[in-house]
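The values are calculated or read from the model by the stated rules, or taken from the named source; none is laboratory data. Nothing here was measured: the structure is a model prediction, and the numbers come from that model. We place every Cβ from the backbone using ideal geometry, glycine too, and count neighbours over all the protein chains shown.
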Amino acid sequence: MFKLLYKLFLFLTALIYLSTFFSPGWIWFLGLSSFLIPVLLFIHVVSFIFWTLIRGKFSIYLTIGFIMSIPYLLLTVSWHPQEQNPQGISVLSYNVRVFNVYKHLNNNFASSKKMIDWVRQDTSAIKCFQEFHNQKNSPIFNTVDIISNGGEYESYVKPQVINHKGDEFGLAIFSKYPVINKGMVVFEQSDSNNSAIYADVVYGHDTIRIYNAHLESMSINENSILSRAGLSNELDNLMERLREGMTVRANQVNDLMRHIENSPYHVILCCDLNELPYSYVYGHIKKKLANSFEKGGKGFGFSYNGKIPFLRIDNQFFSSGLEVLKYKTSRKANYSDHYPIKCVYGIKKDSE
(Lines give C-alpha, C1' and ligand atoms only; values in the text may rest on other atoms or scores of the structure.)
Protein backbone atom coordinates (compact mmCIF):
# COMPACT_ATOMS: atom_id res chain seq x y z
CA MET A 1 0.00 0.00 0.00
CA PHE A 2 2.82 2.39 0.92
CA LYS A 3 4.59 1.75 -2.39
CA LEU A 4 1.41 2.48 -4.33
CA LEU A 5 0.85 5.75 -2.46
CA TYR A 6 4.46 6.79 -3.00
CA LYS A 7 4.22 5.98 -6.72
CA LEU A 8 1.17 8.24 -6.92
CA PHE A 9 3.08 10.89 -4.98
CA LEU A 10 6.00 10.60 -7.41
CA PHE A 11 3.62 11.03 -10.33
CA LEU A 12 2.07 14.12 -8.71
CA THR A 13 5.56 15.48 -8.02
CA ALA A 14 6.57 15.04 -11.66
CA LEU A 15 3.44 16.89 -12.82
CA ILE A 16 4.09 19.79 -10.44
CA TYR A 17 7.77 20.03 -11.41
CA LEU A 18 6.89 19.99 -15.11
CA SER A 19 4.16 22.61 -14.69
CA THR A 20 6.79 25.28 -13.99
CA PHE A 21 7.79 25.15 -17.66
CA PHE A 22 4.37 26.40 -18.76
CA SER A 23 3.30 30.03 -18.61
CA PRO A 24 0.53 31.01 -16.17
CA GLY A 25 -0.53 33.35 -18.96
CA TRP A 26 -1.76 30.19 -20.68
CA ILE A 27 -3.23 28.31 -17.70
CA TRP A 28 -3.01 30.57 -14.65
CA PHE A 29 -3.30 27.98 -11.87
CA LEU A 30 -0.11 26.29 -13.06
CA GLY A 31 1.68 29.16 -11.34
CA LEU A 32 0.45 27.90 -7.98
CA SER A 33 2.80 24.93 -8.29
CA SER A 34 5.77 27.08 -7.29
CA PHE A 35 4.29 27.38 -3.79
CA LEU A 36 4.08 23.58 -3.46
CA ILE A 37 7.64 22.81 -4.58
CA PRO A 38 9.37 23.72 -1.27
CA VAL A 39 7.08 21.22 0.50
CA LEU A 40 7.84 18.53 -2.06
CA LEU A 41 11.57 19.20 -1.78
CA PHE A 42 11.44 18.82 1.98
CA ILE A 43 9.54 15.53 1.80
CA HIS A 44 11.73 13.96 -0.89
CA VAL A 45 15.08 15.07 0.52
CA VAL A 46 14.28 14.19 4.15
CA SER A 47 12.79 10.81 3.13
CA PHE A 48 15.84 9.93 1.04
CA ILE A 49 18.33 10.95 3.75
CA PHE A 50 16.46 9.17 6.54
CA TRP A 51 15.68 5.86 4.84
CA THR A 52 18.68 5.53 2.53
CA LEU A 53 21.57 7.20 4.33
CA ILE A 54 20.55 6.78 7.98
CA ARG A 55 18.54 3.55 7.96
CA GLY A 56 20.51 2.03 5.10
CA LYS A 57 17.42 0.82 3.24
CA PHE A 58 17.71 1.41 -0.49
CA SER A 59 14.50 2.26 -2.35
CA ILE A 60 14.36 2.94 -6.06
CA TYR A 61 11.30 5.16 -5.57
CA LEU A 62 12.92 7.30 -2.88
CA THR A 63 15.99 7.60 -5.08
CA ILE A 64 13.91 8.66 -8.09
CA GLY A 65 12.13 11.27 -5.96
CA PHE A 66 15.46 12.64 -4.72
CA ILE A 67 16.99 12.76 -8.23
CA MET A 68 13.89 14.54 -9.58
CA SER A 69 14.27 17.15 -6.83
CA ILE A 70 17.96 17.95 -7.38
CA PRO A 71 17.41 20.73 -9.99
CA TYR A 72 14.98 22.48 -7.66
CA LEU A 73 17.20 21.90 -4.65
CA LEU A 74 19.98 23.75 -6.50
CA LEU A 75 17.60 26.70 -6.89
CA THR A 76 17.05 26.71 -3.14
CA VAL A 77 20.51 26.49 -1.63
CA SER A 78 23.92 27.50 -2.97
CA TRP A 79 27.40 27.07 -1.51
CA HIS A 80 30.27 28.90 -3.15
CA PRO A 81 33.47 30.32 -1.63
CA GLN A 82 33.33 34.08 -1.20
CA GLU A 83 36.25 36.21 -2.33
CA GLN A 84 36.91 39.06 0.10
CA ASN A 85 37.81 41.89 -2.27
CA PRO A 86 37.35 40.80 -5.89
CA GLN A 87 38.02 43.35 -8.60
CA GLY A 88 35.26 43.87 -11.12
CA ILE A 89 31.88 45.49 -11.71
CA SER A 90 30.17 45.93 -8.34
CA VAL A 91 26.37 46.04 -8.52
CA LEU A 92 23.78 46.79 -5.84
CA SER A 93 20.11 45.88 -6.27
CA TYR A 94 17.65 47.06 -3.63
CA ASN A 95 13.88 47.43 -3.34
CA VAL A 96 13.84 50.45 -1.03
CA ARG A 97 10.04 50.57 -0.46
CA VAL A 98 9.88 54.29 -1.36
CA PHE A 99 12.46 54.89 1.41
CA ASN A 100 9.69 54.45 4.01
CA VAL A 101 8.29 57.87 3.15
CA TYR A 102 4.88 57.06 4.65
CA LYS A 103 4.46 57.82 8.34
CA HIS A 104 3.13 54.36 9.22
CA LEU A 105 6.49 52.87 8.16
CA ASN A 106 8.64 54.75 10.68
CA ASN A 107 8.73 57.50 13.32
CA ASN A 108 10.09 60.91 12.30
CA PHE A 109 11.59 59.25 9.20
CA ALA A 110 14.27 57.62 11.36
CA SER A 111 14.52 54.46 9.24
CA SER A 112 14.24 56.57 6.06
CA LYS A 113 17.33 58.54 7.01
CA LYS A 114 19.25 55.38 7.92
CA MET A 115 18.33 53.66 4.67
CA ILE A 116 19.21 56.64 2.48
CA ASP A 117 22.50 57.07 4.32
CA TRP A 118 23.29 53.35 3.94
CA VAL A 119 22.59 53.57 0.21
CA ARG A 120 24.71 56.73 -0.12
CA GLN A 121 27.67 55.15 1.67
CA ASP A 122 27.52 51.89 -0.28
CA THR A 123 30.51 51.80 -2.62
CA SER A 124 28.99 49.73 -5.44
CA ALA A 125 29.75 51.21 -8.85
CA ILE A 126 26.23 50.42 -10.11
CA LYS A 127 23.14 50.90 -7.95
CA CYS A 128 19.68 49.76 -9.04
CA PHE A 129 16.58 50.60 -7.01
CA GLN A 130 13.05 49.32 -7.24
CA GLU A 131 10.24 51.34 -5.58
CA PHE A 132 12.53 54.36 -5.75
CA HIS A 133 11.27 57.69 -4.38
CA ASN A 134 12.48 61.23 -4.93
CA GLN A 135 11.29 64.62 -3.68
CA LYS A 136 13.31 67.36 -5.33
CA ASN A 137 12.70 69.99 -2.62
CA SER A 138 12.94 67.75 0.43
CA PRO A 139 16.05 67.76 2.66
CA ILE A 140 15.42 64.08 3.49
CA PHE A 141 14.00 62.61 0.27
CA ASN A 142 15.95 64.51 -2.37
CA THR A 143 17.45 61.10 -3.03
CA VAL A 144 18.72 61.67 -6.58
CA ASP A 145 21.06 64.41 -5.38
CA ILE A 146 22.00 62.56 -2.19
CA ILE A 147 22.86 59.26 -3.88
CA SER A 148 24.59 61.00 -6.80
CA ASN A 149 27.02 62.18 -4.12
CA GLY A 150 28.17 65.40 -5.68
CA GLY A 151 28.33 64.06 -9.23
CA GLU A 152 30.16 60.81 -8.39
CA TYR A 153 27.25 58.89 -9.94
CA GLU A 154 25.23 59.50 -13.08
CA SER A 155 21.55 58.79 -12.56
CA TYR A 156 18.69 57.54 -14.68
CA VAL A 157 15.36 57.82 -12.89
CA LYS A 158 12.15 56.69 -14.55
CA PRO A 159 9.06 57.59 -12.50
CA GLN A 160 6.16 55.21 -12.81
CA VAL A 161 3.98 57.59 -10.81
CA ILE A 162 4.28 61.34 -10.16
CA ASN A 163 1.83 62.63 -7.55
CA HIS A 164 0.19 66.06 -7.39
CA LYS A 165 3.19 67.44 -5.46
CA GLY A 166 5.63 66.32 -8.15
CA ASP A 167 7.06 63.54 -5.98
CA GLU A 168 8.46 60.67 -8.07
CA PHE A 169 7.96 56.92 -7.56
CA GLY A 170 9.57 54.34 -9.82
CA LEU A 171 12.87 52.82 -10.88
CA ALA A 172 16.40 54.21 -10.79
CA ILE A 173 19.90 53.29 -11.97
CA PHE A 174 23.00 55.07 -10.65
CA SER A 175 26.41 54.52 -12.25
CA LYS A 176 29.98 55.58 -11.54
CA TYR A 177 30.78 54.54 -15.11
CA PRO A 178 29.84 56.74 -18.10
CA VAL A 179 26.30 56.14 -19.35
CA ILE A 180 26.10 56.28 -23.15
CA ASN A 181 22.51 55.19 -23.66
CA LYS A 182 19.38 54.55 -21.61
CA GLY A 183 15.76 53.66 -22.11
CA MET A 184 12.62 51.91 -20.93
CA VAL A 185 11.23 48.44 -21.61
CA VAL A 186 7.52 48.69 -22.36
CA PHE A 187 5.28 46.02 -20.88
CA GLU A 188 2.70 45.88 -23.66
CA GLN A 189 -0.01 43.75 -22.06
CA SER A 190 -0.02 45.32 -18.61
CA ASP A 191 -2.04 48.19 -17.15
CA SER A 192 0.09 48.24 -14.00
CA ASN A 193 2.66 50.84 -13.01
CA ASN A 194 5.45 48.26 -13.07
CA SER A 195 8.14 48.47 -15.73
CA ALA A 196 11.82 47.97 -16.54
CA ILE A 197 14.59 50.36 -17.55
CA TYR A 198 18.12 49.94 -18.84
CA ALA A 199 21.37 51.90 -19.07
CA ASP A 200 24.44 51.15 -21.20
CA VAL A 201 27.59 51.84 -19.17
CA VAL A 202 31.20 51.89 -20.32
CA TYR A 203 33.53 49.69 -18.28
CA GLY A 204 37.11 49.77 -19.56
CA HIS A 205 36.98 48.74 -23.21
CA ASP A 206 33.57 47.11 -22.82
CA THR A 207 29.97 48.24 -22.65
CA ILE A 208 27.57 46.58 -20.21
CA ARG A 209 23.80 46.92 -20.41
CA ILE A 210 22.29 47.20 -16.92
CA TYR A 211 18.59 46.34 -16.63
CA ASN A 212 16.46 47.20 -13.61
CA ALA A 213 13.04 45.56 -13.46
CA HIS A 214 10.16 45.44 -11.01
CA LEU A 215 7.45 42.98 -11.96
CA GLU A 216 3.83 43.00 -10.82
CA SER A 217 3.38 42.74 -7.07
CA MET A 218 2.08 39.58 -5.43
CA SER A 219 -0.49 41.81 -3.63
CA ILE A 220 -0.67 39.40 -0.72
CA ASN A 221 -1.80 40.67 2.68
CA GLU A 222 0.60 38.91 5.06
CA ASN A 223 -1.57 39.52 8.12
CA SER A 224 -4.49 37.78 6.43
CA ILE A 225 -2.77 34.63 5.25
CA LEU A 226 -0.90 34.12 8.53
CA SER A 227 -4.13 33.71 10.52
CA ARG A 228 -6.72 30.99 9.96
CA ALA A 229 -9.67 33.38 10.20
CA GLY A 230 -8.04 35.92 7.94
CA LEU A 231 -7.12 33.31 5.35
CA SER A 232 -10.67 31.97 5.34
CA ASN A 233 -12.16 35.44 4.87
CA GLU A 234 -9.64 36.49 2.23
CA LEU A 235 -9.41 33.24 0.26
CA ASP A 236 -11.50 34.35 -2.72
CA ASN A 237 -9.72 37.70 -2.97
CA LEU A 238 -6.35 36.02 -2.47
CA MET A 239 -6.91 33.57 -5.30
CA GLU A 240 -8.03 36.37 -7.62
CA ARG A 241 -4.95 38.47 -6.78
CA LEU A 242 -2.68 35.47 -7.31
CA ARG A 243 -4.33 34.70 -10.65
CA GLU A 244 -4.01 38.26 -11.89
CA GLY A 245 -0.44 38.69 -10.61
CA MET A 246 0.83 35.43 -12.12
CA THR A 247 -0.75 36.17 -15.49
CA VAL A 248 0.59 39.73 -15.62
CA ARG A 249 4.12 38.74 -14.55
CA ALA A 250 4.24 36.00 -17.19
CA ASN A 251 3.43 38.58 -19.88
CA GLN A 252 5.87 41.10 -18.43
CA VAL A 253 8.79 38.67 -18.37
CA ASN A 254 8.10 37.74 -22.00
CA ASP A 255 8.38 41.42 -22.97
CA LEU A 256 11.50 41.87 -20.86
CA MET A 257 13.31 38.86 -22.30
CA ARG A 258 12.50 39.84 -25.88
CA HIS A 259 14.25 43.14 -25.19
CA ILE A 260 17.22 41.48 -23.48
CA GLU A 261 17.70 39.01 -26.32
CA ASN A 262 18.28 41.96 -28.65
CA SER A 263 20.93 43.56 -26.46
CA PRO A 264 24.21 44.16 -28.34
CA TYR A 265 26.15 44.07 -25.06
CA HIS A 266 26.79 41.89 -22.03
CA VAL A 267 23.78 42.09 -19.70
CA ILE A 268 23.26 42.37 -15.94
CA LEU A 269 19.63 42.25 -14.82
CA CYS A 270 18.66 43.50 -11.36
CA CYS A 271 15.07 42.73 -10.43
CA ASP A 272 12.36 42.28 -7.88
CA LEU A 273 10.52 39.45 -9.60
CA ASN A 274 7.82 38.98 -6.97
CA GLU A 275 8.17 35.28 -7.86
CA LEU A 276 9.86 32.29 -6.26
CA PRO A 277 12.85 30.60 -7.95
CA TYR A 278 10.61 27.67 -8.95
CA SER A 279 8.32 29.79 -11.11
CA TYR A 280 7.86 30.10 -14.87
CA VAL A 281 9.09 33.71 -14.69
CA TYR A 282 12.39 32.73 -13.06
CA GLY A 283 12.88 29.78 -15.39
CA HIS A 284 12.13 31.88 -18.47
CA ILE A 285 14.87 34.35 -17.55
CA LYS A 286 17.31 31.49 -16.97
CA LYS A 287 16.90 30.33 -20.56
CA LYS A 288 19.01 33.35 -21.49
CA LEU A 289 20.79 34.49 -18.31
CA ALA A 290 22.55 32.84 -15.37
CA ASN A 291 21.44 33.59 -11.82
CA SER A 292 24.02 35.22 -9.54
CA PHE A 293 22.88 33.44 -6.38
CA GLU A 294 23.09 30.03 -8.01
CA LYS A 295 26.56 30.74 -9.40
CA GLY A 296 28.07 32.66 -6.49
CA GLY A 297 25.81 32.58 -3.43
CA LYS A 298 26.15 30.92 -0.06
CA GLY A 299 23.21 29.59 1.95
CA PHE A 300 19.58 30.21 1.05
CA GLY A 301 19.79 33.84 -0.04
CA PHE A 302 16.40 34.83 1.36
CA SER A 303 15.80 38.43 0.29
CA TYR A 304 12.38 39.25 1.73
CA ASN A 305 12.30 41.03 5.09
CA GLY A 306 8.66 40.53 5.99
CA LYS A 307 6.40 38.23 7.96
CA ILE A 308 7.08 35.46 5.44
CA PRO A 309 10.88 35.68 5.67
CA PHE A 310 11.91 32.54 3.74
CA LEU A 311 11.43 34.01 0.26
CA ARG A 312 14.01 34.79 -2.41
CA ILE A 313 12.21 37.11 -4.80
CA ASP A 314 15.01 39.63 -5.47
CA ASN A 315 17.63 38.60 -7.98
CA GLN A 316 20.52 39.52 -10.20
CA PHE A 317 21.06 37.67 -13.49
CA PHE A 318 23.91 37.97 -15.99
CA SER A 319 24.78 36.96 -19.54
CA SER A 320 27.29 34.33 -20.61
CA GLY A 321 30.16 36.75 -21.27
CA LEU A 322 30.30 37.58 -17.56
CA GLU A 323 31.02 35.68 -14.37
CA VAL A 324 29.97 36.39 -10.80
CA LEU A 325 32.91 36.77 -8.41
CA LYS A 326 30.98 37.54 -5.24
CA TYR A 327 27.37 37.44 -4.05
CA LYS A 328 26.04 38.86 -0.81
CA THR A 329 22.63 39.49 0.73
CA SER A 330 23.13 42.39 3.13
CA ARG A 331 20.81 41.31 5.94
CA LYS A 332 22.09 43.99 8.34
CA ALA A 333 20.46 46.60 6.11
CA ASN A 334 16.98 45.78 7.40
CA TYR A 335 15.30 49.12 6.75
CA SER A 336 12.99 48.00 3.93
CA ASP A 337 10.84 44.89 3.50
CA HIS A 338 13.58 43.66 1.15
CA TYR A 339 17.27 43.09 1.75
CA PRO A 340 19.79 44.56 -0.69
CA ILE A 341 21.76 42.21 -2.94
CA LYS A 342 25.37 43.03 -3.79
CA CYS A 343 27.38 41.27 -6.51
CA VAL A 344 30.75 41.69 -8.22
CA TYR A 345 31.16 40.60 -11.85
CA GLY A 346 34.13 39.99 -14.08
CA ILE A 347 34.31 39.82 -17.86
CA LYS A 348 35.43 36.45 -19.16
CA LYS A 349 38.68 36.65 -21.09
CA ASP A 350 37.32 34.82 -24.13
CA SER A 351 34.50 37.37 -24.45
CA GLU A 352 36.62 40.53 -24.25
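Some notes on this structure:
- Options I43, I16, I37, I70: the member that is over 25 Å from the mean Cα position of the chain (by Cα) and either modelled with pLDDT of 90 or more or assigned to a helix (DSSP H, G or I) (or both): I43
Conditions (1) under 15 Å from S175 (Cα atoms); (2) surrounded by fewer than 21 Cβ atoms within 10 Å (Cβ to Cβ); (3) not assigned by TED's automatic domain parsing to the domain that holds K182, marked per residue:
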site	(1), (2), (3)
D122	yes, yes, no
K127	yes, no, no
E131	no, no, no
Q135	no, yes, no
N142	no, yes, no
G151	yes, yes, no
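- Pairs where the first residue, in the stretch 286-298, is farther than 18 Å from S90 by Cα and the second is of a type in the set (D, E), C-beta under 7 Å, 6+ apart: K288/E261
- Residue check for L30: under 24 Å from D314 (Cβ atoms), part of a strand (DSSP E or B) and in contact with a Ser or Thr (Cβ under 9 Å, 6 or more places away or on another chain): no
- Of the listed requirements (1) buried (at least 17 other Cβ atoms within 10 Å of the Cβ); (2) closer than 24 Å to E216 by Cα, S175 misses just one: (2).
- Residue that is nearest to A196 (Cα to Cα) [pool: residues in the stretch 126-154 that are in contact (Cβ under 8 Å) with a residue 24 or more places away in the chain and among the acidic types (D, E)]: E131
- A single member of V161, V202, V157 is within 16 Å of I268 (Cβ to Cβ), without any contact (Cβ under 8 Å) to a residue 40 or more places away in the chain and part of a strand (DSSP E or B), and it is V202.
- The residues of the stretch 303-317 that are aromatic (F, W, Y) and touching a Leu at 6+ places or on another chain (Cβ under 6 Å), listed by number, are Y304, F317.
- Residue among F22, F58, F9, F48 that alone is among the hydrophobic types (A, V, I, L, M, F, W, C), outside the structural domain of V281 (by TED's automatic domain parsing), outside any helix (DSSP H, G or I) and surrounded by 13 or more Cβ atoms within 10 Å (Cβ to Cβ): F22
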